[in-house]
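Structure record follows, encoded as structure tokens.
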Amino acid sequence: MARRYPKELLWKLRNEIPIAQLIADVLDVPTKISEGYLRFLCPHCREFNSATNPQTNLARCFRCKTNFNPIDFVMALRRSNFLEAVEFLLALERPPPRRPRR
């Protein structure tokens, strides 16, 4: 049976997880700052002809003309499906499980 997520939750994942931080810090994608923009190695074409836009929280590769939101980027980089990407991003927001004391 297919799992469904509320549209509000998906909106939050797409818009409230800073894409530049996700790319550089969480996913550890090679990046560089050029002309004031965070450039990243595109997971599709492997080029640095890219940029992130903090106002829209989107990333774009100008070579292969691909736009990414945080969910799309996780799917492309980790070669995962939509549900796996959503679960990955949700795990970032959850605190790690506590171990029982012995």
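Its convex hull of Cα atoms gives the chain a direction-averaged projected area, equal to a quarter of the hull surface, of 8.8 nm². Between 0 and 90 degrees, the angle of helix 82-93 with respect to the longest Cα principal axis of the chain falls at about 80 degrees.
A 1.4 Å probe run over the chain, with the rest of the protein chains in place, finds 72 Å² accessible per residue. Our summary gives the chain a relative contact order of 21 percent, counting only alpha carbon pairs under 8 angstrom and 6 or more residues apart. Of the peptides 81-89, 66-74, 7-15, 37-45, the ranking by mean beta-carbon count within 10 Å, highest at the top, reads 66-74, 37-45, 81-89, 7-15.
Under 13 Å of direct C-alpha separation, and excluding same-chain neighbours fewer than eight residues apart, residue 32 reaches these aspartates and glutamates: 47.
Taking only protein heavy atoms and a 1.4 Å probe, the accessible area of the chain is 50% carbon and sulfur. A cut-off of 5 Å between modelled amide H atoms, ignoring neighbours fewer than 5 places along the same chain, links residue 50 with 40, 62. Rounded to the nearest 10 degrees, the inclination of helix 7-16 to the longest alpha-carbon principal axis of the chain is 50 degrees.
Ranked from largest to smallest solvent-accessible area, with a 1.4 Å probe on the protein heavy atoms, 50, 34 come out as 34, 50.
The values are calculated or read from the model by the stated rules, or taken from the named source; none is laboratory data. This is a predicted model, so every value here is computed, not measured. Note that each Cβ is placed from the backbone with ideal geometry, even for glycine, and that neighbours are counted across all protein chains shown. The accessibility values were calculated without ligands, DNA or RNA, using every heavy atom of the protein model including side chains. Shrake-Rupley method; radii C 1.70, N 1.55, O 1.52, S 1.80 Å.
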